Amino acid sequence: MELASKYDPQEVEQKWYKYWVDHKMFSSKPDGREPYTVVIPPPNVTGVLHMGHMLNNTIQDILVRHARQQGKNACWVPGTDHASIATEAKVVNRLAQQGIKKDDLTRDAFLKHAWDWTDEHGGIILKQLRKLGASCDWDRTAFTMDEVRSESVRKVFVDLYNKGLIYRGVRMVNWDPSALTALSDEEVIHKEEHGKLYYLRYKVEGEDTYAVVATTRPETIMGDTAMCINPEDPKNHHLKGKKVIVPLVGRVIPIIEDSYVDIEFGTGCLKVTPAHDIHDHMLGEKYNLPTIDIFNDNGTISERAGLYVGMDRFDVREQIVKDLDEAGLLEKVENYTNKVGYSERTNVVIEPKLSMQWFLKMDGLAKTALTPVMEDEIKFVPAKYKNTYRHWMENIKDWCISRQLWWGHRIPAYFLPEGGVVVAETTEEALAMAKAQTGNEQLTIADLHQDDDCLDTWFSSWLWPISLFDGICHPGNEEINYYYPTSDLVTGPDIIFFWVARMIMAGYQYEGKMPFKNVYFTGIVRDGEGRKMSKSLGNSPDPLKLIEKYGADGVRMGMMLCAPAGNDILFDETLCEQGRNFNNKIWNAFRLVKGWEVDASIQMPESARLATDWFDAKLQATAVELDDLYSKYRLSEALMLVYRLFWDEFSGWLLELVKPAYGQPIDQATYNKVLGYFDQLLVMLHPFIPFISEELWHNLQPREEGETIMFKPIPAGHIEEQVMTTLTTEFESIKEVIAGVRTIRLQKNIAQKNELELDVVSNDMLDLITRYESVLIKICNLSEVKATNGTKEDTAQSFMVGTTEFAVPLGQLIDVDAEIARMKKELKQKQGFLTGVMKKLGNERFVANAPEQVIALERKKQADAESIIASLEESIAKLSASK
């Protein structure tokens, strides 16, 4: 294959993704191999790719591709979520644009619009993930409302109801006045707000005195049915047993006493509104108070309030404060900071509301799911999220699972004509149960009314690792037995309660074991200023435009270069540019190597033999470290390790050491070695940059149709560990010598074409230098390397590697006066450094208390500094004498 002069990501990416899909390379079926299973956190069916998806799916793809390299049967299952609230809101908005109200449609008519919307917009995000290189088994694509998942949800609801874990009752819930549905506690985000504290005057019945109440919500006074004081509060003893009149409303309410009231808050008097505050509701139940619901579902004031009927709750707040002030019933207003609950989906202030809902008892499920995480049977990465998980599990409340929506899984509960309810998977089963329960054989399906509500979207998502393999409907089938439990879950810590915890509960409830072995928590993608990326801030780049500009591999690298597990990602587009530059570096290095002329008759030079022996060891050492980093999910570090191996060691050192002289051929043995290294490097890089690695791997040598780099293992290596360590350590010393010579050339402005001589002044490294002489001569362009047994020429420029002194005789190549001045400056710096070290070593407390290795390090600093100072002083004296 002819390799283009310039890397074109678009052409390469389209070609290889089609190749992978056409050859079913992402496909998985149960077999004798070890399974590696990942289930995608299902994005909203009508969603589009954003930076959070990019990060999450890049990480998943890296893990899946690495598993394939390990010989595992990797199965990455894609799918989408029906997203009840978000999708219904979009459908309602589109209907409104057409002049149609949801209330004017039948349920079936509305659902037809919803399915049309889903068919029109659904799955876009999965197509976009292909652009990223996501290697999902697309034949397994699932949807939380497809038939298998829907049947699974119904079965689980019925099962939990029959076990007494699902119940229906009137409870105080979080009500979303925009979405017109109840929410679970986890769907409420509490935001700190700078509001007001209003002091309202309640006239004491039969007296000319007032009891003052401090409240943040004056608009709820129409629902007040009591005032409460703390019996231990001396300042309010005079109110015991009395009644007060609700301002503006005129209703007489009792003053009750309860230790719940905070004596220090406000005046110590609490207005009790049982219908609109969870704590007030508990007081209402305790003291048998009336409950007056003053709000309509949409947040406007209801007929029961008697005042401000039809007005929005926040408009009423403004108006009632004016009216109270005019009536002399507003004592004062203070600034006040408190936390206000917002709907996670609609960003509207939620309203505590008494409502008939379905609930799932969580206490027993939570206890079962807590231990495996705390004892690391299920491993959290990073582990800090275990405490977050434990805190939530130990303070869990029953899950409100019903939603007042039409789009979603309709609750399989059927109300009977004369009261009562049956719960069944199908209408036919419901009818049979209804007949048995009532004894009325004349009942028909038309006589039953199915609950209008839908289940919380998470009620289908919590079954995801099981339902994807049909484990609910067909327990113990081949796929669930093979693929479950799944291997790694990659998700954000923001849904640890919504999804992770509940999947663990469902896993133990229905499979008797964990749903996944490891959970990798990604961070939140933020911009350079630390702000969360969002459409409203306009600080989130379009991922597809980034891919178009930098290539998928470039963007994948950009994401991973700044993505340590669990920590927020400060994304900078220049990282994608760095990724693209790295791809270009690989491409150009490949073209360079492929452009060399090969002569099979030439013997491998000694310098090439030494260089390839070193790089064999370096590759093996990197493979060992890489495996360790993968096992610890330190993927950013793993990428940087391979990045440096290619950029610094392979391109910066090895190619420089083995490349033939200009216009000269290279020997066959060295050339074969270099191509072999390229092969291994591409395999190491493949999980991170799959497209360019596949392209170049196919260009290394002729490949059969259907061959791929994807399943090639990272070579384990054959060098003994001690030998490997020795080779890599020795070569680092040789690099320092080379760097010393290069520095002299740079400082003295001596061109590379001018040969230099290298003198080994002291004998510490002489054996090593002798063995690597050919390497030094080639890469430094030396005429010779020789030992001088402690002597050096007056004009020689010296440098130290450890305690070994090297000198480069410069003859007429230097300005003696300038060189003496430079050395004196360096001498002064080294003397100052030595003074600091000696001061530390002369401190008796430091020497007595510091660890032994710290003392040893300081003594080494002393010895090195003294050696360098002596060398500088000698060089200065000799140069001065030569003038």
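Putting +1 on Lys and Arg Cβ atoms and -1 on Asp and Glu Cβ atoms, find which of 443, 399, 341 reaches farthest to the positive end of the dipole of the stretch 341-451.
Most positive-ward Cα: 341.
Among 744, 715, 697, whose Cα sits farthest toward the positive end of the charge dipole of the stretch 660-759 (+1 at Cβ of Lys/Arg, -1 at Cβ of Asp/Glu, about the Cα centre)?
Toward the positive end, the furthest listed residue is 744.
When the chain is fully extended, how far beyond the present Cα-Cα distance does residue 881 get from residue 849, taking 0.36 nm per residue of separation?
Separation in residues times 0.36 nm, less the Cα-Cα distance, equals 6.8 nm.
Compare the peptides 204-216, 441-453, 139-151 by average per-residue count of other Cβ atoms within 10 angstrom and give them in order, highest first.
139-151, 204-216, 441-453
Note down the magnitude of the dipole of the chain about its Cα centre, charges +1 on Lys and Arg C-beta and -1 on Asp and Glu C-beta and zero elsewhere, to the nearest 20 debye.
Here the size comes out at about 1200 debye.
What accessible area, in Å² to the nearest ten, does a 1.4 Å probe give for residue 780?
So the heavy atoms of residue 780 present about 0 Å² to solvent.
Net charge near residue 333, counting Lys/Arg +1 and Asp/Glu -1 over other residues with Cβ under 15 Å of its Cβ?
Charge balance in the 15 Å sphere: -1.
Among the complete DSSP H segments of the chain, which ones combine at least 24 Å of alpha-carbon extent along their axis with a mean Kyte-Doolittle hydropathy of -0.5 or more?
Length and hydropathy pass: 51-69, 606-631, 668-685, 721-748, 816-841, 852-882.
Using the per-residue mean of other Cβ atoms lying within 10 Å as a proxy for protection, in what order, highest first, do the peptides 729-742, 611-624 fall?
Taking the mean over residues of other Cβ atoms within 10 Å, the ranking is 611-624, 729-742.
Only four residue types carry charge here, +1 at the Cβ of Lys and Arg and -1 at the Cβ of Asp and Glu. Report the dipole size of the stretch 192-309 about the Cα centre in Debye, rounded to the nearest 20.
Rounded to the nearest 20 debye, it is 440 debye.
Taking every DSSP beta bridge with both residues inside the chain, roughly what % is antiparallel (nearest 5)?
Taking every DSSP beta bridge with both residues in the chain, the antiparallel ones total about 70 percent.
Can you give me the distance in nm between label points at residue 816 and residue 572, each placed 7 Å from the Cα along the Cα-to-Cβ direction?
My value for the distance between the label points is 4.9 nm.
Accessible area per residue of the stretch 844-883 at 1.4 Å probe, in Å²?
Ligands and nucleic acids excluded, the result is 64 Å² per residue.
Report the residues of the stretch 100-114 in range of a label on residue 298: point 7 Å along Cα→C-beta, backbone N strictly under 20 Å from it.
Only 100-107, 110-111 pass the distance filter.
Using a Förster distance of 56 Å, how high is the FRET efficiency between residue 751 and residue 384, based on the Cβ-Cβ distance and rounded to 0.05?
After rounding to 0.05, the efficiency reads 0.50.
Is it possible to state the helix-based mean residue ellipticity at 222 nm for the chain, with each DSSP H run of 4+ residues giving -39500 (n - 2.57), the sum divided by total residues, to the nearest 500 deg cm²/dmol? What is it?
So the calculated ellipticity at 222 nm is -13500 deg cm²/dmol.
Leaving out ligands, DNA and RNA, what percent of the accessible area of the chain is carbon and sulfur, probe 1.4 Å?
Answer for the chain: carbon and sulfur cover 50 percent of the accessible area.
Taking the highest mean first, how do the peptides 170-176, 528-534, 292-298 order by number of other beta carbon atoms within 10 angstrom per residue?
Per-residue Cβ counts within 10 Å, averaged per peptide and sorted highest first, yield 170-176, 292-298, 528-534.
Hey, could you pull the Cα Rg and Dmax for the stretch 1-118, both in Å?
Gyration radius and largest Cα-Cα distance of the stretch 1-118: 20.7, 64 Å.
Kindly identify the stretch 404-540 as rounded, prolate or oblate by the Cα gyration tensor criterion: order the square roots of the eigenvalues as a ≥ b ≥ c, call it rounded if a/c is under 1.5, otherwise compare a/b with b/c, prolate if a/b is larger, else oblate.
Because a/c hits 1.5 or more and a/b fails to exceed b/c, the stretch 404-540 counts as oblate.
Quick one: ranking 604, 222, 765 by accessible area, 1.4 Å probe, largest first, what do you get?
604, 765, 222
What number comes out for accessible area per residue over the stretch 120-245 if the probe is 1.4 Å? Units Å², please.
Value returned for the stretch 120-245: 41 Å² of accessible area per residue.
If you compute Rg and Dmax of the Cα atoms in Å for the structure shown, which of [x] 29.2, 102; [y] 37.2, 123; [z] 43.9, 152 do you land on?
Only one option fits the structure, namely [y].
The values are calculated or read from the model by the stated rules, or taken from the named source; none is laboratory data. All values reported here derive from a predicted model rather than from experimental measurement. All Cβ positions, glycine included, derive from the backbone under ideal geometry; neighbour counts span all protein chains shown. Ligands, DNA and RNA are excluded from the accessible area calculation, which covers all protein heavy atoms including side chains. Shrake-Rupley method; radii C 1.70, N 1.55, O 1.52, S 1.80 Å.
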